[in-house]
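The values are calculated or read from the model by the stated rules, or taken from the named source; none is laboratory data. Everything numeric here is computed off the predicted structure, so don't read it as measured data. Note: ideal-geometry Cβ built from the backbone for every residue, glycine included; neighbour counts use all protein chains shown. What goes into the accessible areas is simple: the full protein's heavy atoms, side chains included, and nothing from ligands, DNA or RNA. Shrake-Rupley method; radii C 1.70, N 1.55, O 1.52, S 1.80 Å.
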Amino acid sequence: LETVAATDPLTGLANRRAFNQAMHRCFAEANRYQNDLACILIDLDGFKRLNDTLGHPAGDELLQRTARVLEANCRCSDIAGRLGGDEFILLLPQTDMVTTGSVARRIYDEFMISAKKLLGQTKLDGQIGISMGMASLGQSEPANPDDLISCADHAMYLAKDANKTSIVAHQPGCTESRPR
């Protein structure tokens with residue numbers, strides 16, 4: 001029952017409640033031992049169009065494929081979660097922004113390959129992508145776990161505004177959660 005209560009039923013990743021608990025624990029531990037902690041917020045681009053064009057089973061399949069890509073690029077100490085809809089989040093303990101960027105790039109590349117396999121020769125080929133925002137304790141200097149997520153959220157929306165299907169690192173001094 002505990003596992004069911006902490007798991008997103010579609011993707012098998014941590015659900016929002018379980019992720020938030022892990023986030024608070026990891027944030028406190030990182031501060032105590034003066035380690036870095038990175039967060040990647042992920043949003044699928046064109047997901048509504050996919051559901052509207054190919055149907056919800058295809059959308060569910062893309063969410064499941066995304067979860068497998070995230071799991072394949074996580075260490076045992078990392079935490080992958082589904083925030084809801086087409087948003088995912090990764091927590092990378094003891095990880096700096098350079099390494100986080102490498103992880104994000106691998107995820108991006110593998111996601112694009114997996115999405116292309118799913119979409120094949122449909123009219124959506126090339127229209128589905130992924131936007132990612134990255135933040136870390138060392139670079140973003142958040143006051144609490146929610147601030148770390150807000151920094152990654154801010155960077156993700158910069159990625160969506162700039163080009164969609166891109167990766168953006170949070171820059172110190174950016175405090176708005178969503179630039180609009």
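If you find the alpha carbon centre of region 63-83 and of region 84-130, how far apart are they in angstrom?
A separation of 10 Å, based on Cα centres.
With the full set of protein chains in place, find how many percent of the accessible area of the chain is carbon and sulfur; take the probe as 1.4 Å.
The C+S portion of the solvent-accessible surface of the chain is 50 percent.
Grab the Cα-Cα distance for residue 75 and residue 125, subtract it from 0.36 nm times how many residues apart they are, and report the gain in nm with one decimal. Present the calculation step by step, with values, prior to reporting the outcome.
Values: separation 50, 0.36 × 50 = 18.00 nm, distance 3.06 nm.
Gain on extension, residue 75 to residue 125, equals 14.9 nm.
Against the longest alpha carbon principal axis of the chain, how many degrees, from 0 to 90 and to the nearest 10, is the axis of helix 97-119 turned?
10
Have a look at 49, 106, 32 and tell me which one the Gaussian network model of the chain (Cα, springs below 10 Å) gives the largest fluctuation.
The residue that fluctuates most here is 32.
Apply 1/(1 + (r/R0)^6) to the Cβ-Cβ distance of residue 21 and residue 162, taking R0 = 41 Å, and write down the FRET efficiency to the nearest 0.05.
Given R0 = 41 Å and the Cβ-Cβ separation, E is 0.80.
Rounded to the nearest whole Å², what accessible area per residue is found for the chain with the 1.4 Å probe?
Heavy-atom accessible area per residue stands at 50 Å².
Where nothing but the Cβ of Lys and Arg (+1) and of Asp and Glu (-1) is charged, how large is the charge dipole of the chain around its Cα centre, in debye to the nearest 20?
360
Over the chain, what portion of Cα pair distances is larger than 27 Å, expressed as a whole percent?
23
Rounded to whole Å, give me the distance from the Cα center of region 132-148 to that of region 1-31.
One Cα centre to the other: 18 Å.
Using only the heavy atoms of the protein chains and a 1.4 Å probe, how would 164, 123 rank by accessible area, largest first?
Largest accessible area first, the list is 123, 164.
Can you give the helix-only mean residue ellipticity at 222 nm for the chain, where every DSSP H stretch with n ≥ 4 adds -39500 (n - 2.57) and the sum goes over all residues, rounded to the nearest 500 deg cm²/dmol?
Values: 7 runs with 93 residues, N = 180.
So the calculated ellipticity at 222 nm is -16500 deg cm²/dmol.
Give me the accessible area of residue 147, 1.4 Å probe, in Å² rounded to the nearest 10.
The accessible area of residue 147 comes to roughly 60 Å².
How far, in degrees from 0 to 90, does helix 56-72 lean away from the longest principal axis of the Cα atoms of the chain, to the nearest 10?
Relative to the chain, helix 56-72 is tipped by roughly 40 degrees.
Tilt of helix 145-162 relative to the longest C-alpha principal axis of the chain, in degrees (0 to 90, nearest 10)?
Helix 145-162 sits at roughly 40 degrees to that axis.
If I take every Cα pair under 8 Å that is 6 or more residues apart in the chain, average their sequence separation and divide by the length, what percent do I get for the relative contact order?
25 percent.
So for the chain, taking the charge dipole from beta-carbon charges (+1 Lys/Arg, -1 Asp/Glu), which of 137, 15, 108 sits furthest toward the positive end?
Checked the options; the winner is 108.
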